[in-house]
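Worksheet for the structure shown next.
The values are calculated or read from the model by the stated rules, or taken from the named source; none is laboratory data. This is a predicted model, so every value here is computed, not measured. Here Cβ is always computed from backbone atoms with ideal geometry, including for glycine, and neighbour counts include all displayed protein chains.
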Amino acid sequence: MLFRRVVRLACGVAGGSALLVAAAVMSDSAAGGSGELAPGGRPQLWSALAVVRAAQPWSWRNHSVETTSGSGWDDNWDKRDPASLSNGKKADVNGDEVSTELESSKPKATRHIFLIRHSQYNLSGNGDKERTLTPLGREQAELTGQRLASLGIKYDILIHSTMARATETAQIISKFLPGLELVSCDLLREGAPIEPVPPVSHWKPEPAQYHEDGARIEAAFRRYIHRADPKQKEDSYEIIVCHANVIRYFVCRALQFPPEGWLRMGLNNGSITWLTIRPNGRVALRSLGDSGFMPPDKLTRT
């Protein structure tokens, strides 16, 4: 109940992104693929970093690269690591008090987030209000709703973008999940999150669009993708119906992959992407763009 209220309050509040280097390349270079630094591996680590940076586009090579531990994973990626939130000044006064405070601030529950791409819609519509679902799109939404219901999960909330195609998709899905609360959020609207690498010739938004949309989509990521609140006692299962660009960006950011790679992934209409966020901040991608529950003749990617 607590996080439901938080979501409802957050949806009316509008809030980009550090460049990340692939950790696997660094660890493999340092330890022969073992995932650990070999003796004297520090010079090898820097050598591996130099190779990776040299392979990046010019704009990347002209920015500093932040190094982390040998694992390459930032444990405090969502700024909710309990150790970073404790008041260090108290340690000199009462160590037991600090220990108790730290323990009480640790998340206990796991968050499961189902990111659903909207169904097929009318591309020729004049403006968002006319870009409603096609007959096939409505059928796709029903199949997605049936799939979510068949998992036997007690979902906590369904959040959706305010764009017509996402709203309609969410409403159809909700018919198969009776009693589930629906919340709309402007932050989840489609947009251009960050200039893709490599670029594509058929889609080139203006720089101003990346600047505006990117800030909004990053704000949505920070609002919805993070570990559970310490007061949350049980695991939660949340559904977010939104758009392909938003979902792909969320996945890259959550897994700490370079966010510029978001356009390298493709998502079918009505597909399900499942992210799991553990209390310690670890993130797992359970499925990406799952649409295997749809017959082949129902699959689209518009």
Inset, instruction - Considering every residue within the range 210-218, establish whether at least one is of a type outside the set (S, T, N, Q), surrounded by fewer than 21 Cβ atoms within 10 Å (Cβ to Cβ), within 11 Å of the chain's Cα centre (by Cα) and assigned by TED's automatic domain parsing to the domain that holds PRO279. - result: yes
Legend entry - Set SER71, SER84: member being among the hydroxyl-bearing types (Ser, Thr, Tyr), at pLDDT below 70 and not assigned by TED's automatic domain parsing to the domain that holds ILE272: SER71
Inset, instruction - Can you give me the number of residues within the range 186-209 that are surrounded by fewer than 16 Cβ atoms within 10 Å (Cβ to Cβ) and hydrophobic (A, V, I, L, M, F, W, C)? - result: 3
Inset, instruction - Would you check if LYS90 is among the basic types (Lys, Arg), modelled with pLDDT of 90 or more and outside the structural domain of GLY191 (by TED's automatic domain parsing)? - result: no
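Can you name the residue in the range 103-158 that is among the β-branched types (Val, Ile, Thr) and not in a loop (DSSP other than H, G, I, E, B) and, of all such residues, is farthest from ALA244 (Cα to Cα)? Let's see the steps before the verdict.
At the first step, the residues of the range 103-158 found to be among the β-branched types (Val, Ile, Thr) are 110, 113, 116, 132, 134, 144, 153, 157.
Next, only the ones that are not in a loop (DSSP other than H, G, I, E, B) stay: 113, 116, 144, 157.
Details: ILE113: 15, ILE116: 9, THR144: 15, ILE157: 20 Å.
Across the range 103-158, the extreme among qualifying residues is ILE157.
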Inset, instruction - Would you please name the residue that is surrounded by the most Cβ atoms within 10 Å (Cβ to Cβ), looking only at residues in the range 93-122 that are at pLDDT below 95, out of contact with any Pro (no Cβ under 6 Å at 6 or more places or on another chain) and hydrophobic (A, V, I, L, M, F, W, C)? - result: VAL98
Legend entry - Selected residue (only one of GLU212, GLU190, GLU168 is out of contact with any strand residue (DSSP E or B) (no Cβ under 9 Å at 6 or more places or on another chain), among the acidic types (Asp, Glu) and at pLDDT 95 or above): GLU212
Inset, instruction - Can you run down the residue pairs with Cβ atoms below 8 Å, 6 or more apart or on separate chains, where the first is in the range 70-83 and more than 19 Å from SER105 (Cβ to Cβ) and the partner is surrounded by 17 or more Cβ atoms within 10 Å (Cβ to Cβ) and at pLDDT 95 or above? - result: GLY72/GLN256; TRP73/GLN256
Legend entry - Count - residues of the range 162-221 that are farther than 18 Å from TYR121 by Cβ, touching a Gly at 6+ places or on another chain (Cβ under 9 Å) and among the acidic types (Asp, Glu): 5
Inset, instruction - Sort through GLY281, GLY270 and tell me the only one that's surrounded by fewer than 21 Cβ atoms within 10 Å (Cβ to Cβ) and modelled with pLDDT of 95 or more. - result: GLY281
Legend entry - Hits in the range 258-286 - residues which are of a type in the set (S, T, N, Q) and assigned to a strand (DSSP E or B): THR273, THR276
